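*Asks:* This is the structure, below, for whatever I ask next.
The values are calculated or read from the model by the stated rules, or taken from the named source; none is laboratory data. This one's a predicted model, so the numbers in the text were calculated from it and none came from an experiment. Glycine also receives a Cβ, built like all others from the backbone with ideal geometry; neighbour counts cover every protein chain displayed. Heavy atoms of the whole protein, side chains included, go into the accessibility calculation; ligands, DNA and RNA do not. Shrake-Rupley method; radii C 1.70, N 1.55, O 1.52, S 1.80 Å.
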Amino acid sequence: LRPHDEVKFVVADRADYEYAREVLRRENLASRVAAVHLSPVHGGLEAKSLAEWVLEDRLPVRVQLQVHKYIWGADVRGV
């Protein structure tokens with residue numbers, strides 16, 4: 001990883017979140033890359049839940065929605 005890179009975790013549930021949180025801390029990602037994104041699985045994990053976990057743990061990450069799925073629909077590929 002280089003300082004201009006960005007890392008994204010797509011999170012389906014609490015176990016995924018805890019795994020991402022552990023990797024973030026173990027690898028000291030926030031200080032090694034430009035940004036770390038956590039994105040809830042569209043139609044699965046509620047964005048509010050993910051945001052609450054991030055705030056509770058004070059993680060230095062961005063919560064990012066899969067906006068293309070809201071614009072073009074969940075079934076459209078390649079956008």
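*Asks:* Which of (1) within 12 Å of the chain's Cα centre (by Cα); (2) touching a residue at least 24 places away in the same chain (Cβ under 8 Å) does A74 not meet, given it meets every other one?
*Replies:* (1)
For every residue, the table says whether it meets (1) closer than 19 Å to H68 by Cα; (2) more than 13 Å from the chain's Cα centre (by Cα); (3) in contact (Cβ under 8 Å) with a residue 60 or more places away in the chain.
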residue	(1), (2), (3)
V11	yes, no, no
R14	no, no, no
V23	no, no, no
E27	no, yes, no
A35	no, no, no
S39	yes, no, no
G44	yes, yes, no
K48	yes, no, no
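*Asks:* If you don't mind, another one. Which residues, taken from region 60-79, are modelled with pLDDT of 95 or more and either exposed (fewer than 13 other Cβ atoms within 10 Å of the Cβ) or part of a strand (DSSP E or B) (or both)?
*Replies:* P60, R62, V63
*Asks:* In region 1-59, which helices (runs of 4 or more DSSP H) lie fully inside it and hold 1 or more residues that are open to solvent by less than 80 Å² (accessible area, probe 1.4 Å), among the hydroxyl-bearing types (S, T, Y) and touching a strand residue (DSSP E or B) at 6+ places or on another chain (Cβ under 6 Å)?
*Replies:* 14-26
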